[in-house]
1. If you average 1/r over every pair of different alpha-carbon atoms in the stretch 370-527 and take one over that average, what Kirkwood value in Å do you get?
2. What list of ³J(HN,Hα) couplings, whole Hz, do you get for the stretch 683-696 from phi and the Karplus terms 6.51, -1.76, 1.60, once you set θ to phi - 60° and write x for glycine and proline?
3. Could you tell me, in Å, what Rg and Dmax come out for the Cα atoms of the stretch 776-869?
4. Of all alpha-carbon pairs in the stretch 484-575, indicate the percentage at a distance above 22 angstrom.
5. Where Rh is the Kirkwood radius over the Cα pairs of the chain, the temperature 20 °C and the viscosity 1.002 mPa s, what D in µm²/s does Stokes-Einstein return?
6. With charges only on Cβ, +1 for K and R and -1 for D and E, what is the dipole size of the stretch 778-869 about its Cα centre, in debye, rounded to 20?
7. Can you compute the equivalent ellipsoid semi-axes for the stretch 538-603, i.e. the square root of 5 times each eigenvalue of the Cα gyration tensor, sorted largest first and rounded to whole Å?
8. For the stretch 200-229 and the stretch 306-362, what is the separation of their C-alpha centers, rounded to whole Å?
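The values are calculated or read from the model by the stated rules, or taken from the named source; none is laboratory data. These numbers come from a predicted model, not from an experiment. Don't worry about glycine lacking a Cβ; one is built from the backbone with ideal geometry, like all the others, and counts go over all protein chains shown. Just so you know, the surface numbers come from the protein's heavy atoms only, side chains and all, with ligands and any DNA or RNA stripped out. Shrake-Rupley method; radii C 1.70, N 1.55, O 1.52, S 1.80 Å.
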Amino acid sequence: MIGKKRENNGNHVSGGTLEAFSPVEAAKAEVASVLADLRSSKGGLSHAEANHRLSEYGLNEIASEKKVGWPVRLFSNFKDPLSLLLLALGVLSWFTGETKTTGMIIFMLLMSVLLRFVQETRADASAEKLKAMVRTVASVLRGGIAKDEPLKNLVPGDVVHLAAGDMVPADVRLIESNDLFVNQATLTGEAMPAEKHAAALPNAKGVVFEFQNLCFMGSNVESGTAVGVVVATGKRTQLGKLAKSLEGARVLTSFDKGVGRFTWLMIRMIAVMTPVVFLINGFRTGDWLGAFLFALAVAVGLAPEMLPMIVTVNLSRGAYDMSQKKVIVKRLNSIQNFGAMDVLCTDKTGTLTEGRVVLIRHLDIEGKENEKILDFAYLNSYYQTGLKNLLDVAVLKHETEVTRSFSQNYKKVDEIPFDFIRRRMSVVVEDPAGKHLLICKGAVEEVVSKCTHVLIGGKAVTIDQYHHSHKDELADKMNREGFRIVAVAFRHEPLAKKAYSVADEKGMTLMGFLAFLDPPKPSAGQALAELAEYGIRVKVLTGDSGLVAQKICGDLGLKVGRVLSGEEIEGMGDAQLEKVVEEATILSKLEPHHKERVIRALQANGHAVGFLGDGINDAPALKAADVGISVDTAADIAKESSDIILLEKSLTVLKDGVREGRKVFGNIVKYIKMGASSNFGNMFSVVGGSLFLPFLPMLPIQVIANNVLYDFSQITIPTDTVDEEYIKRPRKWDIGMIEKFIFVLGPISSLFDFATYFAMLYLFGAWTNPELFHTGWFVESLVTQTLIIHVIRTNKIPFIQSRASWPITLSTFLVVAFGAWLPFSPLAPMLGFTGLPPLYWAVLILFVVVYFGITQWVKWWFVRRYQWE
């Protein structure tokens with residue numbers, strides 16, 4: 001039984017709630033059985049029963065993701081570990097009376113949070129868009145009378161009428177149908193309309209959207225009429241299941257995880273270094289409050305408080321640059337994922353192909369082009385009065401002076417409409433001599449079965465087994481090449497009459513075949529080659545057959561590995577799929593949950609996965625991917641589920657976006673490498689200095705000022721150029737490598753800090769002059785860590801092989817100049833500075849030159865040793 005009755009113990013009794021239908025059960029059952037199980041009839045439900053079921057099942061609405069108000073969204077931006085750390089340090093600074101430090105920290109924190117909030121105020125409205133799609137009415141039989149009823153009031157058991165142009169209001173099992181074709185493109189991604197009929201399918205299995213006696217919410221009727229009974233509403237529909245998969249928060253992407261891991265790395269460093277500095281200075285000086293304030297300043301100096309702002313500004317700048325290349329960024333964090341992407345999963349239609357059906361060939365049974373076949377097919381499509389499908393449109397687009405003149409010499413007499421049983425349609429025309437000509441076009445086997453002759457060399461000969469074999473061989477060959485084949489036949493009517501019927505489709509002569517194809521996009525082949533150059537493997541996820549996809553991929557030069565079907569995926573566990581998916585290039589006949597599983601399997605294998613899709617069926621995969629990519633012409637739910645929206649469905653546009661994404665990632669990593677290694681080196685120097693100096697190595701306000709000036713020099717990083725070699729490869733977060741980089745290059749700056757200690761103490765006699773020591777180390781620390789940006793930002797030789805953007809060059813030299821001016825400025829007393837002797841500047845220049853050389857050499861060694869660019 002499909003729908004059953006609940007018993008008093010919670011099982012099935014009369015008057016209780018119906019069980020939900022499964023699509024397979026509904027497809028297999030006969031109409032009478034379906035109606036009986038639903039306790040309905042061809043006259044529909046009574047008003048009372050419909051109202052009762054509405055209270056039982058609820059409204060026929062799609063589940064929606066709970067909307068988050070702006071206060072909650074704003075507050076959520078404060079919840080990342082770095083923001084919480086900075087907030088805590090700001091509070092501690094305030095309690096200890098360090099209001100200037102507090103102000104600096106809170107200002108940076110607020111600026112970062114507000115920037116992120118403004119950029120991400122658009123909430124994810126996927127389910128809301130789904131609701132908007134179905135806010136209309138349906139023609140429903142209630143009490144045997146047809147009436148327009150709001151879609152939200154439909155219940156299982158309702159009988160609905162469908163006609164051309166209608167949106168299917170729920171999941172429906174057909175009772176009656178007449179030439180029904182349904183467009184399921186938003187559910188399956190395929191442009192070809194699907195034919196539907198009411199007959200039971202006792203052996204139904206496989207992809208539910210291919211069941212011919214079921215129509216699904218979210219599709220629409222292209223032609224014909226039908227009557228059906230509702231078997232599922234709201235969240236129980238196939239569309240509802242898709243929407244439900246979109247509820248809840250997104251999973252963290254590789255970008256989110258990378259920033260989080262780096263943040264916790266810095267927090268661990270702070271947790272170790274700060275107590276050490278506090279205890280060392282407390283025991284050495286006995287001034288525990290001063291030691292605490294200094295340790296607090298060290299914590300602030302080590303914390304990359306500008307990271308949220310630098311990341312957000314980088315992403316915002318990247319979003320602007322990408323918009324100039326027809327790529328709209330909907331979710332900022334996805335930009336880095338765009339650059340990290342090493343596997344792109346894409347649909348076929350409209351991406352690799354032009355997204356339209358084109359008549360490519362018109363061949364006779366010998367495989368030769370024959371214009372007469374096109375002429376007759378043109379007459380058939382031109383004179384048929386039903387809603388023309390995509391194949392008819394493709395035929396009519398082949399209109400020429402010859403076909404136009406040819407058709408004008410004929411007059412229509414009658415037509416025999418298409419139906420799903422015959423799978424063909426015919427028109428009857430009168431030729432210039434007044435004789436009637438029947439022209440038939442349709443599925444190969446159905447047309448050939450009514451033919452007794454075949455046209456060979458312009459002559460009609462009796463069909464024999466040789467012709468059948470030749471026909472089958474040609475049709476199979478074209479099918480393997482991805483063509484959709486339609487046969488064309490004709491018959492000269494011996495007696496002219498006014499009306500014709502199916503019985504007249506007999507004794508015809510087979511002319512040949514029409515071969516249709518959604519042709520490869522001219523630019524796709526080059527784009528695929530360019531994506532390969534950028535280290536991106538492309539996998540085709542399609543609802544179409546594997547043969548068609550293989551043909552398209554072959555034409556575009558995409559090497560095809562294994563072809564994996566949705567049915568095969570269904571029988572695999574996650575571990576097996578993770579292994580097999582690496583070998584597969586084409587994944588065909590997929591349902592929405594198959595696409596999502598493929599995405600997650602690739603992610604489990606360590607890939608950063610992008611998914612390009614534009615249909616409702618793509619929404620779960622778009623959300624699961626590291627970066628979901630859609631187009632501005634996509635279904636609303638697809639656009640709302642995506643991170644990136646392309647203004648043109650083109651792999652070339654996609655490639656340009658990938659370049660920008662890698663630039664953004666490169667500039668963010670520059671900040672992390674420079675800031676973290678520099679700060680770590682400084683704090684290492686602080687610990688070393690605290691062990692033997694009779695005073696604090698630097699005053700708390702000086703530590704903060706040094707950090708703020710250094711951060712100011714890096715604000716211009718988003719404007720920097722990125723080496724072409726860097727852009728050529730996918731870039732992912734590697735926190736282990738960042739740790740190595742920090743621990744290798746950080747101590748180099750400490751070596752020159754210790755050299756400065758030695759110079760200040762023994763060359764300039766600062767043992768008894770703490771102000772001179774503080775000033776000398778402040779200037780040296782600021783100058784070296786600011787200028788070293790030019791070395792760390794590239795793997796090449798700075799200023800010679802790779803030059804920074806002019807804003808970075810300007811900001812770094814301005815900060816250096818400002819730092820050199822501070823000891824002689826009116827701000828010096830407030831910051832605890834004093835003037836520096838002339839010899840100091842000569843020593844400083846020497847230190848900078850040597851520091852540059854050693855850092856460049858170590859950087860080269862590090863890149864070669866760890867193969868990290």
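1. 16.4 Å
2. Using θ = phi - 60°, the values come out as 5, 4, 5, 5, 5, x, x, 5, 6, 10, 7, x, 9, 5 Hz.
3. Using the Cα atoms of the stretch 776-869, the pair Rg, Dmax is 15.5, 49 Å.
4. Within the stretch 484-575, distances greater than 22 Å cover 56 percent of Cα pairs.
5. D, rounded to a whole number, is 67 µm²/s.
6. Dipole size: approximately 380 debye.
7. In descending order, the three semi-axes are 19, 12, 9 Å.
8. 34 Å
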